[in-house]
Amino acid sequence: MKFTTKTLILGLILVGGLAYAGAATDPDAKARQDLMDANGGAMKVLGGMAKGDVAFDAAAAAAAKATLVANAGNIPVVFKNQSTDPASKAKPEIWTAWDDFAAKAGDFGKASAALDTTSLDTLKAGLGAVGGACGACHTAYKAS
Ligand code: HEC
């Protein structure tokens, strides 16, 4: 019993430490991560519906789509300054290959704008392209 409690506490400290290490404090880096966290939240909503974990809700899907479209337009804004932060996973190549990075943000914007959230079927049909656009940029410009 005592061992279990200790293990649990140690586990909680480790998890807390990891969460802390992942959050940037530099204002520019934090703005990037906040935008990306909002992307993650929107994709969680849409993915949950597509997988059938939550009921399809056209209004919630449209709101999540609007978040993605707005964030795509803001990526070049929040990434403009190459601020460094030990907790940032932004690769330096973003600023040496800026046009390509911005083009990938544009691809993400197009895929998000093309997402038809009026029905579950159309949502399912378009969501793969959005996820692909997230992944294409992460592969090139986000450290794992
Ligand atoms: C144009 C490039 C690009 C696109 C498109 C993109 N990301 Fe990111 N993403 C990044 C980079 C770069 C980082 C690392 C930012 C940092 O740590 O400074 C990141 C980080 C993240 C993080 C971690 C944030 C944190 O708090 O550390 C999440 C979650 C994320 N992205 C989700 C998404 C999702 C979901 C999509 C698509 C809906 C997406 N991203 C589209 C480049 C992109």
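The values are calculated or read from the model by the stated rules, or taken from the named source; none is laboratory data. Source: prediction; values computed, not measured. No Cβ is skipped: glycine too gets one built from the backbone with ideal geometry, and neighbour counts run over all protein chains shown. These area figures cover heavy atoms from the full protein model, side chains too; ligands, DNA and RNA do not enter into them. Shrake-Rupley method; radii C 1.70, N 1.55, O 1.52, S 1.80 Å.
Below are the figures for this structure:
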| read-out | value |
| --- | --- |
| Alpha carbon centroid spacing (whole Å) that separates region 94-114 from region 26-45 | 16 |
| Above-threshold pairs, the threshold being 28 Å between Cα atoms, out of K44/K142; K91/K124; K44/K104; K30/K51; K80/K124; K89/K124 | K91/K124; K30/K51; K80/K124; K89/K124 |
| Rg(Cα)/(2.2 N^0.38 Å) for region 16-144, N = residue count | 1.09 |
| Protection proxy ranking of 95-103, 31-39 - average other beta-carbon atoms within 10 Å, highest first | 31-39, 95-103 |
| Exposure of V69 as accessible area (Å², to 10), given a probe of 1.4 Å and all protein chains | 60 |
| Hz values of 3J(HN,Hα) by residue in region 79-96 - Karplus curve (6.51, -1.76, 1.60), Gly and Pro given as x | 9, 4, 7, 7, 7, 9, 8, x, 8, 7, 9, 6, 6, x, 4, 3, 8, 9 |
| In nm, spacing of pseudo-spin labels at W98 and T122 (7 Å Cα→C-beta vector) | 3.7 |
| Value of [θ]222 nm, deg cm²/dmol, for the chain, DSSP H segments ≥ 4, -39500 (n - 2.57) each, nearest 500 | -26000 deg cm²/dmol |
| Probe 1.4 Å - accessible area at F56, Å² to nearest ten | 70 |
| Helical segments meeting 27 Å axial Cα length and Kyte-Doolittle 1.0 threshold in the chain (DSSP H) | 2-22, 58-78 |
| Charged-residue dipole, Cβ positions (Lys, Arg, Asp, Glu), region 2-141 about Cα centre, Debye nearest 20 | 440 |
| Accessible surface of the chain, 1.4 Å probe, proportion on carbon and sulfur as whole % | 65 |
| Charge context of K80, other residues only, Cβ under 12 angstrom, K/R +1, D/E -1 | 0 |
| Where the chain is the region considered: accessible area per residue in Å², 1.4 Å probe | 59 |
| Interchain or long-range residues, amide H under 5 Å from T117's placed H | none |
| Relative contact order computed over region 2-141 (Cα-Cα under 8 Å; 6+ residues apart), in percent | 27 |
